[in-house]
Amino acid sequence: MKKLLTIAIIAIFAANTANAQEYDYDIDELREVWQRTITVPASEDPIIEKLFLAWGKEFNSRFADAFLEYKKTGKAKDYKIDFAPKNGFLQVDGTYSFVAEENGNYLKGEVVTKVHLLQAAYWNLPNGNKLFGVSVEIDGEIFANCTVMFYEYNASKGTLKPRADVVNRIYDKMGISNPPEGEEEEIFVKLPKAGRDLKYKDYSTDVEKIIKWNGNGF
């Protein structure tokens, strides 16, 4: 399972690099980023906003840049923002479609959909902390990968601590236990804007499935 997490994080940044050449990470740096506890600056901002921005700063995320642009101007170029602080939910969606004009990577006339989608949400834990989740799907010409990350937010310490155990249980429930090295399951885990349960689509059957929240995890 640790291998899966490392592959997933690498996939996100590999896709970013393939599309924009914006970030330059090596494998050891990516592993370090995932294992690192993130500091959350004190602020009066809604919890979902400050958790997401703390995460985005650590990962040097284009999604965080888009959200900051939205907060400043009311819109973000190439992205749609769904910011629902009362629900503890945030979505940054850069999905778009186009028709291929000439033969190449796609057939002429083919409708191609590109996905750059992030969802973030948090849950209240019995110990008074928050469980913060981020689910990302990045679809490029070379890479098409999805991943999910979870952290525990301790407000008194101002920290987000990685919860690999939560991610492991989610992947186990989806039946993803031992993916081949160098490959990643292309399953986007949907975080809830309403309710507490997770959803994902099994593309082999095209059926959406639910992973129930048990009050302390999944």
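Table for the structure above
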{"read-out": "Selection from Leu90, Tyr122, Tyr106 lying farthest towards where the dipole of the stretch 36-130 points positive, charges on Cβ", "value": "Tyr122"}
{"read-out": "Å² of accessible area per residue within the stretch 48-91, as computed with a 1.4 Å probe and no ligands counted", "value": "53 Å²"}
{"read-out": "Residue list for the stretch 49-77, given a label point 7 angstrom along the Cα-to-Cβ vector of Trp213 and an amide N cut-off under 17 Å", "value": "49, 51-52"}
{"read-out": "Where labels lie 7 Å past Cα in the beta-carbon direction, separation of Val115 and Asp78 in nm", "value": "1.9 nm"}
{"read-out": "Among 58-66, 44-52, 206-214, the order from most to least packed when residues are scored by Cβ within 10 Å on average", "value": "58-66, 44-52, 206-214"}
{"read-out": "Interchain or long-range residues, amide H under 5 Å from Lys190's placed H", "value": "Lys199, Tyr200"}
{"read-out": "Test item: Cα-centred dipole of the stretch 27-130, Lys/Arg +1 and Asp/Glu -1 on Cβ, debye", "value": "300 debye"}
{"read-out": "About the Cα centre, charge dipole magnitude for the stretch 48-100 (Lys/Arg +1, Asp/Glu -1 at Cβ), debye", "value": "180 debye"}
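The values are calculated or read from the model by the stated rules, or taken from the named source; none is laboratory data. Quick caveat: nothing in here was measured; it's all calculated off a predicted structure. A quick note on method: Cβ atoms are made from the backbone with ideal geometry, for glycine too, and the neighbour counts reach across all protein chains shown. Accessible surface areas use protein heavy atoms only, side chains included; no ligands, DNA or RNA. Shrake-Rupley method; radii C 1.70, N 1.55, O 1.52, S 1.80 Å.
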